1. Does Ser60 satisfy the criteria of being modelled with pLDDT under 85, surrounded by 13 or more Cβ atoms within 10 Å (Cβ to Cβ) and within 25 Å of Gly152 (Cβ to Cβ)?
2. Determine whether Asn92 is at pLDDT below 90, in the same structural domain as Val159 (by TED's automatic domain parsing) and not aromatic (Phe, Trp, Tyr).
3. Are there any pairs with C-beta distances below 8 angstrom linking a residue in region 99-126 that is more than 20 Å from Tyr163 (Cβ to Cβ) to a residue that is in a helix (DSSP H, G or I) and among the aromatic types (Phe, Trp, Tyr), with the two at least 6 apart or on different chains, and if so which?
4. Could you give every pair whose Cβ atoms fall below 8 Å, whose first residue belongs to region 139-167 and is part of a strand (DSSP E or B), and whose second residue is polar (S, T, N, Q), counting only separations of at least 6 or pairs across chains?
5. Just a yes or no: is a residue in region 111-133 touching a strand residue (DSSP E or B) at 6+ places or on another chain (Cβ under 7 Å) and surrounded by 12 or more Cβ atoms within 10 Å (Cβ to Cβ)?
Amino acid sequence: MSVLGIGSRVEHPAYGQGAVIRVHKAAYEVCFMKFGIKDVGKSYDQWEVIEAIESEEQVSFSEAEQSLIKILNAFSDISNPIELGDRWTGGNMTLTPGTAGLQAKEIPIETFFHKIVMVRDRIRVMEQRINSSKLSDEEKVNLQQYITRIYGSLTTFNVLFKYKEDQFSGERTR
């Protein structure tokens, strides 16, 4: 019997219908609808193969999912929610002109915070694209120095972030 690939559907006499979710050296990891995940030896021949999927590179669904998440995080503008420090929630930011007679501008601090987070996320995407580009190592280092300086300039806004790990850092050690 040939090796079943991930996604193959089977009918087990005791566990019922299931699908192969991982292939090990000596066993399949099968998710059965009524009994959950069970290991079944590759030599087991008492089940019926409903749909066989060719065995390719042995990658589990969770490994593929984790890889996809990493790719999406690295190359998209989609970001995880970043929390504003509690003391700023509901607050406003007021910009007062230095010239007499001009009106002050007031905006919700959440709006300003959102813009800062968007800038940070786009800088991260730019940094990742530089690292994965075909530029020479010297060109990459030169561009990284500019990004480090940008992060350093943005450290002023760290007071807005609730968690330290979300803050800007001028010294990047990635």
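1. Judged against the criteria, Ser60 is not a match.
2. Answer is no for this residue.
3. Val125/Phe75
4. Phe161/Gln167
5. Scanning region 111-133 turns up at least one residue that is touching a strand residue (DSSP E or B) at 6+ places or on another chain (Cβ under 7 Å) and surrounded by 12 or more Cβ atoms within 10 Å (Cβ to Cβ).
The values are calculated or read from the model by the stated rules, or taken from the named source; none is laboratory data. Because the structure is predicted, anything quoted here is derived from the model rather than measured. Neighbour counts run over all protein chains shown; Cβ positions are idealised from the backbone, glycine included.
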